[in-house]
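Down below is the structure, laid out as structure tokens.
The values are calculated or read from the model by the stated rules, or taken from the named source; none is laboratory data. Computed from a predicted model, the values in this text were never measured in an experiment. All Cβ positions, glycine included, derive from the backbone under ideal geometry; neighbour counts span all protein chains shown.
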Amino acid sequence: MQTNQLKGNNGPRYRQEQASEIPYELIKVKKLTPVIGAEISQVDLSKPLSKLQEKEIHRALSENQVIFFRDQKISKEDHIAFGRLFGDLHIHPSAPHVDGIPEMMKIYADKDSPRANGEVWHSDVSCDLLPPMGSILQIIQCPPYGGDTLFASMYAAYEALSDRMKMYLRGLTAIHDGEPVYRGMYKNFGVQDKETYPRAEHPVIRTHPITGKNALYINKGFTTQILGIPIDESDGLLTYLFEHMENPLFQCRFRWEENSIAFWDNRCVQHRAMWDYWPHTRVGNRITVAGDKPFFNAIDPS
Ligand code: SIN
């Protein structure tokens, strides 16, 4: 398996590596695009999963970065139990949660909302020292149309950079700041501001701990500055990288139905929710799986 990156007039900017030929035994995996996203069927998340189903879902997530399930009539307990198969659960530093369940974040917008969640490209809570590994969102009430979520592969965004840009970014770190994002953000839900919000320094290129692949790890939502270079250079570079990562070539777009679930890997994916459905209502619950400290494997020259 090889990712070819061509230059000049020599073909596409980014060529996706070939999908794995090894068939799945229990689940069905239908890709949305060659680059990112797959819909998973033949699995009922309201029932305990077998070890093999669990393993195949892990594999599908690794291979596709974001996976989708349809028509899953799960309870809140099932949702939590599914999340726990992938690790400890993360508690959001600011967002409102379902009554009595701090690990379950509310996703809600209606005609009176001043804002909706996730309208800027981001990787969830990347301002944490240990940002979440993944997020599992179920939408339980959909608007009649609209309210899609877009997902972008940061492996593809990294791969499509020139070798010179990759070299330049190697070893650089950036600040991810929760303060400008979260302060005052959930006032309409009655959430009081905290004294401080998380802030962290992470590598600009992140090596995925499972796949070993490199991903671009800066996002418009949280990243405020690349360190070790002049501020004007950081501003210019972030502007370029934010624009670069929004190339539709790296994206898929998910159209929700009631009881759909999306499970994305925050280590290599950014997402953006469309609030194009006003004055309608969209409601969901999100479980977020805890993650580890982002690192860059400087030994691998790719
Ligand atoms: C989010 O988790 O950022 C919200 C995503 C969505 O509502 O589609």
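Of all residues being part of a loop (DSSP other than H, G, I, E, B) and surrounded by fewer than 17 Cβ atoms within 10 Å (Cβ to Cβ) in region 25-37, which is nearest to the chain's Cα centre (by Cα)? Just the residue, please. Working first, answer last.
Step one: of region 25-37, the residues part of a loop (DSSP other than H, G, I, E, B) are 25-27, 32-37.
Next, from what is left, pick out any that are surrounded by fewer than 17 Cβ atoms within 10 Å (Cβ to Cβ): 25-26, 34.
On the way: Glu25: 27, Leu26: 25, Pro34: 18 Å.
Restricting to residues being part of a loop (DSSP other than H, G, I, E, B) and surrounded by fewer than 17 Cβ atoms within 10 Å (Cβ to Cβ), the top hit is Pro34.
For region 94-151: of the residues being among the β-branched types (Val, Ile, Thr) and touching a Phe, Trp or Tyr at 6+ places or on another chain (Cβ under 7 Å), which is nearest to Asn285 (Cα to Cα)?
Ile139
Applying the condition of being within 20 Å of the chain's Cα centre (by Cα) and part of a strand (DSSP E or B) to region 38-64 and asking which residue is farthest from Ser75 (Cα to Cα) yields Ala38. Inspect region 162-181 for any residue being more than 28 Å from Glu257 (Cβ to Cβ), surrounded by 22 or more Cβ atoms within 10 Å (Cβ to Cβ) and hydroxyl-bearing (Ser, Thr, Tyr) and give the result as yes or no. There is no residue in region 162-181 that is more than 28 Å from Glu257 (Cβ to Cβ), surrounded by 22 or more Cβ atoms within 10 Å (Cβ to Cβ) and hydroxyl-bearing (Ser, Thr, Tyr).
Collect the residues in region 112-125 that are exposed (fewer than 13 other Cβ atoms within 10 Å of the Cβ) and either of a type in the set (S, T, N, Q) or within 12 Å of the ligand (Cβ to nearest atom) (or both), keeping them in residue-number order.
Initially, region 112-125 is screened for residues exposed (fewer than 13 other Cβ atoms within 10 Å of the Cβ), giving 112, 114-115.
Result: Arg115, single match.
Name the residues in region 20-48 that are aliphatic (A, V, I, L, M), more than 16 Å from Gln138 (Cβ to Cβ) and at pLDDT 95 or above, would you? Full working, then the answer.
Just the residues of region 20-48 that are aliphatic (A, V, I, L, M), to begin with: 22, 26-27, 29, 32, 35-36, 38, 40, 43, 45.
Within this subset, residues satisfying the condition of being more than 16 Å from Gln138 (Cβ to Cβ) are 22, 26-27, 29, 32, 35-36, 38.
Of everything in region 20-48, those that are aliphatic (A, V, I, L, M), more than 16 Å from Gln138 (Cβ to Cβ) and at pLDDT 95 or above turn out to be Leu26, Ile27, Val29, Leu32, Val35, Ile36, Ala38.
Thr288 meets each of the listed conditions (1) over 15 Å from the mean Cα position of the chain (by Cα); (2) within 16 Å of the ligand (Cβ to nearest atom); (3) surrounded by 14 or more Cβ atoms within 10 Å (Cβ to Cβ) apart from (1). Checking Phe189 against (1) in contact with a Lys or Arg (Cβ under 8 Å, 6 or more places away or on another chain); (2) closer than 30 Å to Thr33 by Cβ, only one condition comes out false. Which one? Going through (1) in contact with a Lys or Arg (Cβ under 8 Å, 6 or more places away or on another chain); (2) closer than 30 Å to Thr33 by Cβ one by one, Phe189 breaks only (2).
Exactly one residue out of Trp264, Trp275 is within 16 Å of the ligand (Cβ to nearest atom), over 17 Å from the mean Cα position of the chain (by Cα) and either of a type in the set (A, V, I, L, M, F, W, C) or surrounded by fewer than 16 Cβ atoms within 10 Å (Cβ to Cβ) (or both): that is Trp275. If you go through region 285-299 one residue at a time, how many are part of a strand (DSSP E or B) and in contact with a Ser or Thr (Cβ under 9 Å, 6 or more places away or on another chain)? Adding up the residues that qualify gives 4. Within region 75-85, the only residue that satisfies the criterion of being under 12 Å from Leu137 (Cβ atoms) and touching a Ser or Thr at 6+ places or on another chain (Cβ under 9 Å) is Gly83.
So which residues in region 218-253 are touching a Leu at 6+ places or on another chain (Cβ under 9 Å) and surrounded by 19 or more Cβ atoms within 10 Å (Cβ to Cβ), if there are any at all? Hits for region 218-253 are Ile218, Thr223, Ile226, Ser234, Leu237, Leu241, Met245, Gln251, Cys252. Scoring Val289 on the criteria (1) within 21 Å of Met165 (Cβ to Cβ); (2) modelled with pLDDT of 95 or more leaves a single failure, condition (1).
Of the residues that make up region 130-142, is at least one in contact with a Pro (Cβ under 9 Å, 6 or more places away or on another chain) and more than 24 Å from Ser46 (Cβ to Cβ)? Among the residues of region 130-142, at least one is in contact with a Pro (Cβ under 9 Å, 6 or more places away or on another chain) and more than 24 Å from Ser46 (Cβ to Cβ), which makes the answer yes.
The criterion of at least 2 residues that are more than 16 Å from the ligand (Cβ to nearest atom) and without any contact (Cβ under 8 Å) to a residue 40 or more places away in the chain is met by the following helices (runs of 4 or more DSSP H) wholly inside region 126-196: 163-169. Evaluate the following for Ser75: is it within 23 Å of Ala273 (Cα to Cα), hydroxyl-bearing (Ser, Thr, Tyr), more than 16 Å from the ligand (Cβ to nearest atom) and modelled with pLDDT of 95 or more? For Ser75, the condition - within 23 Å of Ala273 (Cα to Cα), hydroxyl-bearing (Ser, Thr, Tyr), more than 16 Å from the ligand (Cβ to nearest atom) and modelled with pLDDT of 95 or more - is not met.
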